[in-house]
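The structure under discussion appears below in the form of C-alpha cells.
Every read-out reported here was derived from the displayed coordinates using simple, explicitly stated rules and does not represent laboratory data. Small disclaimer: the values here were computed from a predicted structure and weren't measured. Reconstructed Cβ throughout: ideal geometry from the backbone, glycine too, with neighbour counts over all protein chains shown.
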Amino acid sequence: MIDAVTKKLAFCHLWVAFGAFLLACFMGEYQVLERSGFIPAIESPSVYFASVSTHGVLMAFVLTTFFIMGFGYVVATTSLKQPIWNPQWAWAGFGISSFGTVLAAIPLLTGKASVLYTFYPPIIGHWMFYVGATLLIVGSWLWCVIMIMMMREWKKANPGAPVPLAMFATAGNALLWLWTSAGVALEVLFQLIPMALGWMDTLDPGLARTLFAWTLHPIVYFWLIPAYTAFYVFVPKQAGGYLFSDEIARAAFVVLIVFALPIGFHHLYMDPEQAKGWKLLHGVGTFVVSLPTFITGFTVIASLEIAGRLRGGKGLFGWIGSLPWRNPMVLSVILSLLMLILGGFGGLVNASYAMNAMIHNTAWVPGHFHLIFAGTTVIMYFAIAYYLWPIMAGKPLFSKDMALVQLWTWFIGMTILTTPWHVLGLLGQPRRISGVEYNSLLTLAWDPYELAMIFGGLVMLGSACLFVYNLAMTHRSQEVFEGEIEYAEPIHPVIDLPEYLNDFTLWNKVIAGLMALSFGVPILQFFFMKTFGSSAWGF
C-alpha cells in the first residue's frame with residue numbers, strides 16, 4: 001500500500017510535471033508554425049526564442065525532474081516497504097524546486113532569458129533564470145539523498161538480501177544525477193551567475209561548454225532510467241509473464257550509469273577547445289553506453305515473449321499477437337522500443353565523428369533528440385502515470401480507451417514530426433533559427449516537410465490534452481478502485497547476488513576515476529593556458 005504522505009508528495013510532484021508538460025506542448029506547436037513562415041502574422045524572432053527557451057526548460061528540466069522525484073518516492077516506499085526517510089526534506093526539496101521553477105519562469109516568459117536550455121555563453125540571460133535553475137537542481141539533490149539513504153537503511157536492516165530491482169535502479173539514477181548535475185552547477189555558480197550579476201567582465205566560453213558537456217549527455221540517461229525501470233519491473237507483470245533476468249537488468253543499469261557519465265564531448269566535435277584525443281575517448285565511451293540499451297531491448301523483448309507464450313502464443317511470432325495490446329503499459333513499451341530503435345540509430349550517427357560533421361547543427365539534431373526524449377522516454381512516463389494514478393487516487397482510470405488512443409496518437413504524431421526533421425537535416429536546414437525562408441529555390445524543397453511537422457505537432461498537442469484530461473477526470477470519479485503496485489518477478493528467483501550488483505559503493509569509485517580521466521585534463525587546461533574571454537551578450 002502507498003501511505004498518505006507518499007501519495008501527497010507524488011501527486012504534488014507529478015501534477016507540476018504534467019502541468020509544465022502541457023504548457024510546453026502548446027509552445028512547441030507555436031514554434032513549428034512560426035518557424036515555417038506559412039503565417040507571417042505570427043512571425044517574431046524574440047517571441048520565438050523566448051518560447052523555445054521556455055519549452056526546452058519545461059520539458060528537459062521541470063517535467064523530468066519533478067516526474068522522476070514523484071515516481072522515485074512511490075518506488076522507494078512500495079518496493080522497500082518502508083516510509084520515506086525524512087519527509088521534511090522531501091517537502092523542502094519540492095518547495096525549493098518549485099520556487100526555483102517559478103523564479104526561472106519570470107525571465108523566460110518575459111524574453112529576458114532566451115538562451116535555450118543549453119547554457120552556452122557568451123549569450124547570457126537574466127540572473128533570476130540562473131538562480132531559479134540552480135534552486136530547481138538543489139531541490140532535486142535532496143531527493144537524491146533521500147533515495148540513497150533509504151536504500152542504505154534497507155540494506156542495513158536486510159543484510160545480504162538483494163535490493164529490489166526497482167529501488168536499485170532508482171538509487172542508481174539518484175547517484176547519476178548527483179554526478180552529472182555537478183557540471184552545469186559549476187558552470188552556473190562560477191561563470192553564468194557572476195556574469196549575469198555584473199561581477200565579471202568576461203568568461204571563457206570554452207570552459208563553459210566543457211562543463212556543460214559534463215551534464216549535457218548524461219542527463220539524457222537521468223531522464224531515461226525511469227522508463228527503463230518500468231520496462232523491467234512493470235511491463236513483464238502487466239503482460240502476464242516474468243522478467244527474463246533480474247541479474248542482466250542490474251548489469252544493464254550498472255553499465256548505463258558508469259559509462260553514461262564520462263562522455264559528452266561528441267557534442268564538442270566541431271569545437272576547437274578540446275584536442276582530438278579527448279574527443280576520441282569520449283566518442284568510444286558513447287558507443288560503449290549503447291550496450292546496456294541493446295541488453296535492455298533483448299531482455300524486455302524476451303520478457304514479452306515469455307508472457308506471450310504463457311498466454312497461448314504459438315509458432316515463431318505467434319506470441320506477439322497474444323500480448324495484451326490493450327494494456328497501456330504493454331502498448332507503451334512496444335511503441336517506446338520502436339522509437340528507441342530509430343532514435344538509437346540517429347544517436348550512433350551523432351556519435352560518429354565523420355557523420356556527425358554532416359549533421360552538426362542541422363535540423364537532424366532536434367529530430368533525434370525529440371524521438372529519444374519525447375518519444376521513447378515520455379511515452380513511458382504516460383504509461384507509468386496511467387498505471388499509478390488509479391492506485392494512488394483510489395479511483396479507476398477515467399477512460400482506458402482514451403488512454404490507448406492517446407498513446408497511439410502520440411506515437412503517430414511523433415513519427416510525423418521527427419521524420420521531416422531528420423530529412424531536413426540531411427538537406428542542410430540549420431537548427432536554432434526562427435525562420436526558414438531564405439529567398440532561395442533550395443528552401444522550396446523544405447516546405448512539404450515543414451507542413452508535415454505542423455500536422456505532427458497538432459496530433460501530439462491533441463494527444464497531450466487527452467492525457468492530462470484523462471488524469472484530471474480520474475479524480476472526479478465516484479467509483480472506488482483498490483489496487484497495489486505489482487512488481488515483476490524474474491523467471492528464475494534471485495537467491496544471492498554479488499555485491500557489485502547490489503550496491504553502488506564500488507561503482508561510485510569507478511565513476512570518480514573515469515570522470516577524473518575524461519574531464520580532469522580537459523578542464524584543468526583552461527587554468528594553465530592563456531585564453532581570451534568573451535563579454536556577455538544578454539537580453
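The Cα center of the stretch 117-191 and the Cα center of the stretch 280-310 differ in position by 25 Å.
Projecting the Cα atoms of SER97, ALA174, PRO522 onto the charge dipole of the chain, computed from C-beta unit charges around the Cα centre, puts ALA174 farthest toward the positive end. Given bins 10 angstrom wide, list per bin the percent of all Cα-Cα distances in the stretch 81-126, short to long. Result, from short to long distances: 24, 33, 22, 16, 5 percent. Counting other Cβ atoms within 10 Å, which trypsin sites (Lys or Arg not before Pro) in the stretch 447-539 have at most 15 and lie in a DSSP loop? Answer by residue number: ARG476, LYS530. Ordering ALA227, ILE416, ILE248 by the projection of their Cα atoms onto the charge dipole of the chain, which places +1 on the Cβ of Lys and Arg and -1 on the Cβ of Asp and Glu, puts ILE248 at the extreme positive end. Residue-wise HN-Hα couplings along the stretch 298-304, as the Karplus relation 6.51 cos²θ - 1.76 cosθ + 1.60 with θ = phi - 60° gives them from phi, are 5, 5, 5, 5, 4, 5, 5 Hz; Gly and Pro carry x.
Fewest first, what order do LEU109, LEU192 take by the number of other Cβ atoms within 10 Å?
The fewest-first ordering by Cβ neighbours comes to LEU109, LEU192.
Under the combined filter of DSSP loop state and at most 15 neighbouring Cβ atoms within 10 Å, the stretch 142-222 retains these chymotrypsin sites (Phe, Trp or Tyr not before Pro): TRP199. In a simple Cβ point-charge model (Lys, Arg +1; Asp, Glu -1; nothing else charged), the stretch 4-538 has a dipole of about 460 debye relative to its Cα centre.
Here the sum of -39500 (n - 2.57) over DSSP H runs of 4 or more residues, divided by the residues of the chain, equals -22500 deg cm²/dmol at 222 nm, to the nearest 500.
Phi angles of the stretch 253-263 translate, via the Karplus equation with coefficients 6.51, -1.76, 1.60 and θ = phi - 60°, into HN-Hα couplings of 5, 4, 4, 4, 5, 5, 8, 6, 7, x, 10 Hz per residue; Gly and Pro are given as x. Within the chain, the longest run free of exposed loop sites, counting GluC sites (Glu not before Pro) that sit outside DSSP helix and strand states (H, G, I, E, B) and have at most 13 other Cβ atoms within 10 Å, spans 1-478. The count of lysine pairs in the chain whose Cα atoms are under 25 Å apart, excluding pairs fewer than 8 places apart on the same chain, comes to 20.
An ellipsoid equivalent to the chain, defined through the eigenvalues of its Cα gyration tensor, has semi-axes of 35, 28, 24 Å when rounded to whole angstrom and sorted largest first. Would you work out which of SER46, VAL5, THR65 lies farthest towards the positive end of the dipole of the stretch 1-92, given +1 charges on the beta-carbon of Lys and Arg and -1 on that of Asp and Glu, about the Cα centre? It is VAL5, whose Cα lies furthest towards the positive end.
Using a simple spin-label model with pseudo-atoms 7 Å out from Cα toward Cβ, LEU451 and HIS492 lie 5.7 nm apart. Close amide H partners of ILE123, meaning residues 5 or more places away or on another chain with modelled amide H under 5 Å apart, are TRP537. What the phi angles of the stretch 200-207 give under the Karplus curve with 6.51, -1.76 and 1.60, with θ = phi - 60°, is a coupling list of 10, 8, 9, 8, 9, x, x, 5 Hz, glycine and proline written as x.
Each residue in TYR73, TYR386 was given a count of other beta-carbon atoms within 10 angstrom of its own, and listing them fewest first yields TYR386, TYR73.
With a Förster radius of 45 Å applied to the C-beta separation of LEU514 and GLU482, the computed FRET efficiency comes to 0.45. Taking the Cα of ILE412, stepping 7 Å toward and past its beta carbon, and measuring to each backbone N in the stretch 342-386: which are under 18 Å? So the set is 375, 379. Close amide H partners of THR362, meaning residues 5 or more places away or on another chain with modelled amide H under 5 Å apart, are ARG431. Taking 0.36 nm per residue of separation and subtracting the Cα-Cα distance, full extension of the segment from LEU197 to VAL47 would add 51.6 nm. The calculated FRET efficiency for ASN158 paired with ARG311, based on their beta-carbon distance and R0 = 22 Å, is about 0.05.
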